[in-house]
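The values are calculated or read from the model by the stated rules, or taken from the named source; none is laboratory data. If you're wondering where the values come from, they're calculated on a predicted model, not measured in any experiment. All Cβ positions, even for glycine, are placed from backbone atoms using ideal geometry, and neighbour counts span all protein chains on display. Ligands, DNA and RNA are stripped out before the accessible areas are found, and what is left, the full protein with its side chains, is counted by its heavy atoms. Shrake-Rupley method; radii C 1.70, N 1.55, O 1.52, S 1.80 Å.
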Amino acid sequence: MLRNIFMAAVALCFAGGALVTAKPQADALRARARKLHFASIVVDTHDDTTQRFLDGDFDLLPRNDSGSIDIPRMREGGLGAIFFSIWIPSKITGPEAIKHALDQIDAVREQARRHPKEITLATTAVEVREARKSGKIALLMGVEGGHMIANDLSVLRSYAALGVRYMTLTHSGNDEWADSSTDKAAHNGLTDFGKEVVAEMNRLGVMVDISHVSDKTFYDALGVSKAPLIASHSSCRAICDAPRNMTDQMIKDLAAKGGVIQINYHVGFLSQEFRDAERTDPEINKAISAEVERRCGPKEGCQLIEGDKITREYVERGKLPRVDWTKIIEHIDHAVKVGGVEHVGLGSDFDGANMPYGMEDATKLPKIAEALLGKGYSEGDVRKILGENTLRVMTEVERGSREMSSGR
């Protein structure tokens, strides 16, 4: 009996020692990760905060209690460059689509004009780095849906002239020249005009974004484009089988041509369990949509923010499964293993999707570096994932544009 008590006491001493040792190690890892994170250029390639600008009651400068993005929280989270999405539903087309897109582009540019000490519009990788050196956050823009060019290359050229630096070829529905991943195929990928769009994007230095497109559209774009492609906010289909996510083969083929998959934080693209729960009980989505409409009316920005809040209410009530932020790391790690560390980045979908617990807003971003270092990633590789891979693609797309313009 005494021997058992003695052995138990020894075990407790060793366990206590392990705990004492573990805490300093964890603290040292966290400190190292924060130093690395804030020394890196962190680039987020997809945020829907733009919709909040149009609601008329939101500004980036003050800290906000709702949503994920504003200047104070971007600074607290070390976010150095952010692509604001220019988005309208696929069902809106023609002149109305162009008008909505131009209004959003103007709204992003107006934020930069209002707050020149804090933020600046950037259109090149060099300008992102210059913004960093001057202590400012770089604002960039991506058009989310080819339907917004209204089948007119001159509109694409106008968007590029106003600072747009990527375009997602489709959104959730097909446009007239490309198939979406979440619509019934109508074109067998890209039409001939769609291939012209991709070529013109290459010439203009606008990155070709294949998030949202069908698998066939992806492969058509990959075959036509002379520049690397991006998936501005997609995750891994091997972990969660949403059609918006990329298969392992697609990730490999994207990487082989120098492209980058930027991991999306939306819980329905991260977690198979969450996706299954949504599909098992479609009445939940109907109820969430009805409550969003009641709270927000037609305000798109409000709808996106409240949709996230209401979804969390259903999680807290046990109606939907909880998804933690570590699923982001699982997708990043999988994409790295499949495509290589040079081909993975971050595309949060902040202010436009349902965020996992622990990644509610931009202040939580330093967790990513800590988790990756904890998994054994080198500091250089973490820098690549945080932003350098995206900046590399931007640089290559810009170089290709210059060469095409010069006739080389």
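The set of residues in the stretch 333-352 being surrounded by fewer than 24 Cβ atoms within 10 Å (Cβ to Cβ) and within 17 Å of Ser271 (Cβ to Cβ) consists of Asp333, His334. Within the stretch 237-252, is there a residue that is open to solvent by 50 Å² or more (accessible area, probe 1.4 Å) and of a type in the set (A, V, I, L, M)? Yes, some residue in the stretch 237-252 is open to solvent by 50 Å² or more (accessible area, probe 1.4 Å) and of a type in the set (A, V, I, L, M).
Taking first residues from the stretch 36-47 that are in a strand (DSSP E or B) and partners that are of a type in the set (Asp, Glu), the Cβ contacts under 9 Å between residues at least 6 apart in sequence or on separate chains come to Val43/Glu388; Thr45/Asp209; His46/Glu144; His46/Asp209; His46/Asp349; Asp47/Asp349; Asp47/Asp351.
Residue-level check: of (1) open to solvent by less than 10 Å² (accessible area, probe 1.4 Å); (2) closer than 30 Å to Asp183 by Cβ; (3) out of contact with any strand residue (DSSP E or B) (no Cβ under 7 Å at 6 or more places or on another chain), Ser40 misses just (2).
Identify, from the list Gly358, Gly318, the residue that is more than 27 Å from Gln249 (Cβ to Cβ), of a type in the set (Gly, Ala, Ser) and free of Cβ contacts under 8 Å to residues at least 12 places away in the same chain.
Just one listed residue meets the conditions, Gly318.
Quick check on my filter: what residues within the stretch 196-207 are closer than 17 Å to His171 by Cα and surrounded by fewer than 24 Cβ atoms within 10 Å (Cβ to Cβ)? Hits for the stretch 196-207: nothing passes.
Scanning the stretch 127-144 for residues that are open to solvent by 40 Å² or more (accessible area, probe 1.4 Å), free of Cβ contacts under 8 Å to residues at least 60 places away in the same chain and not in a loop (DSSP other than H, G, I, E, B) yields Glu127, Glu130, Lys133. Candidates Glu398, Glu300, Glu330, Glu388: the one that is at pLDDT below 95, closer than 29 Å to Leu229 by Cβ, among the charged types (D, E, K, R) and surrounded by 17 or more Cβ atoms within 10 Å (Cβ to Cβ) is Glu300.
Just one of the numbered conditions (1) surrounded by fewer than 18 Cβ atoms within 10 Å (Cβ to Cβ); (2) closer than 30 Å to Tyr314 by Cα is not true of Ser378: (2). So Leu60 ticks every box in (1) surrounded by fewer than 18 Cβ atoms within 10 Å (Cβ to Cβ); (2) without any contact (Cβ under 8 Å) to a residue 60 or more places away in the chain but one. Which box is left unticked? Just one mismatch for Leu60, condition (1).
The residues on offer are Ser172, Ser154, and the sole one that is within 22 Å of the chain's Cα centre (by Cα) and either in a helix (DSSP H, G or I) or hydroxyl-bearing (Ser, Thr, Tyr) (or both) is Ser172. Taking the stretch 95-117 as the range and being in contact with a helix residue (DSSP H, G or I) (Cβ under 9 Å, 6 or more places away or on another chain), over 23 Å from Ser154 (Cβ atoms) and surrounded by fewer than 18 Cβ atoms within 10 Å (Cβ to Cβ) as the test, the residues that pass are Glu110, His115. For residues in the stretch 360-375 being of a type in the set (Lys, Arg) and crowded, with 18+ Cβ neighbours inside 10 Å, which is nearest to Ile82 (Cα to Cα)? So, considering only residues that are of a type in the set (Lys, Arg) and crowded, with 18+ Cβ neighbours inside 10 Å, the one nearest to Ile82 (Cα to Cα) is Lys364. Within the stretch 205-212, not a single residue is without any contact (Cβ under 8 Å) to a residue 24 or more places away in the chain and among the polar types (S, T, N, Q).
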